[in-house]
1. Could you tell me what a quarter of the Cα convex hull surface of the chain works out to, in nm² with one decimal place?
2. Relative contact order for the chain: what percent, with Cα pairs under 8 Å and sequence separation of 6 or more?
3. How many angstrom lie between the C-alpha centres of the range 183-220 and the range 67-109?
4. Give, as a single signed number, the net charge of other residues whose beta carbon lies under 15 Å from the beta carbon of Ser104, with Lys and Arg counted +1 and Asp and Glu -1.
5. Rounded to the nearest percent, how much of the accessible area of the range 25-215 (1.4 Å probe, protein heavy atoms only) is carbon and sulfur?
6. Let me know the charge dipole size of the range 25-215 about its Cα centre in debye, to the nearest 20, where only the beta-carbon of Lys, Arg (+1) and Asp, Glu (-1) is charged.
7. Calculate how many DSSP beta bridges within the chain are antiparallel, expressed in % of all such bridges and rounded to the nearest 5.
8. Between Cys121 and Val25, what FRET efficiency follows from the Cβ-Cβ distance if R0 is 30 Å, with the result rounded to 0.05?
Amino acid sequence: MWFFGSKGASGFSSRSTAEEVTHGVDGTGLTAIVTGASSGIGVETARVLALRGVHVVMAVRNTGAGAKVKEDIVKQVPGAKVDVMELELSSMESVRKFASEYKSAGLPLNLLINNAGIMACPFMLSKDNIELQFATNHLGHFLLTKLLLDTMKNTSRESKREGRIVNVSSEAHRYSYPEGVRFDKINDESSYSSIRAYGQSKLCNVLHANELAKQLKEPL
Ligand SMILES: NC(=O)c1ccc[n+]([C@@H]2O[C@H](COP(=O)([O-])OP(=O)(O)OC[C@H]3O[C@@H](n4cnc5c(N)ncnc54)[C@H](OP(=O)(O)O)[C@@H]3O)[C@@H](O)[C@H]2O)c1
């Protein structure tokens, strides 16, 4: 929603708070993963989900910062169920390790909130040699979602409640490179634009969400 304050079909606007949007919602019995819950939007998302009774797994690259946020949430929301797990989204090895540990813990999964992100950084390569914004904002979340989809489907079948996958994108998805997603030039430093590369990664978040919505339309 571009115009600040104008309400959408949901009745909410960009001015609406997480508490307003979830007012009256009882999340008891639900489990959510929130990536990037050590700062910004992720912290507030984790806090308000915990406030509504959701078991929140904070997926963060800095577990020290995550532990501090967890401490704050538990102080504010007595009885909050919050765990911190390590996840470095720009490393596919770390994403695989996170998913494997999550599954080994036998936790259900109702909500996957793909929120973590970096914005408009100078050209850098990830550990896997992939342009960092594309790797962090899109690829890491893409793989995470793929690896956890079975867990989400099982939880949905067993609990008879639909799951939700939320990709936090941006209006910046409109400002990708003119070609859209430059699959053949992801690592081309000579034509790199930090803003367009951010837009490209956020466009991928939107396309990923659209495709998931198509593929997961049928009841399980
Ligand atoms: N703020 C806005 O106005 C705005 C507007 C449109 C869209 N968004 C989107 O909203 C989301 C959250 O943004 P924000 O404003 O809350 O940003 P933020 O305060 O900078 O928080 C970003 C979070 O992502 C984490 N992160 C970054 N790289 C990571 C990696 N490689 N692996 C794991 N976690 C990583 C950060 O961890 P560290 O704390 O360790 O750095 C931090 O927890 C992003 O996807 C952003 O694109 C934000």
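The values are calculated or read from the model by the stated rules, or taken from the named source; none is laboratory data. Keep in mind that what you see is a predicted model, and the values were worked out from it rather than measured. Cβ: placed from backbone, ideal geometry, glycine included. Neighbour counts: every protein chain shown. Calculation scope for accessible area: heavy atoms of the full protein, side chains included, ligands and nucleic acids excluded. Shrake-Rupley method; radii C 1.70, N 1.55, O 1.52, S 1.80 Å.
1. Details: hull surface 51.3 nm².
Mean projected area for the chain: 12.8 nm², to one decimal.
2. Values: 362 pairs, mean separation 36.8, N = 220.
For the chain, the relative contact order is 17 percent.
3. 25 Å
4. Details: positive: Arg96, Lys97, Lys103; negative: Asp83, Glu86, Glu101, Asp150.
The answer is -1.
5. Details: 4990 of 9390 Å².
About 53 percent, which is the carbon plus sulfur part of the accessible surface.
6. Numbers: 23 positive and 20 negative charges, 102 e Å.
About 480 debye.
7. The answer is about 10 percent antiparallel.
8. Details: r = 35 Å, r/R0 = 1.18.
In this case the efficiency is close to 0.25.
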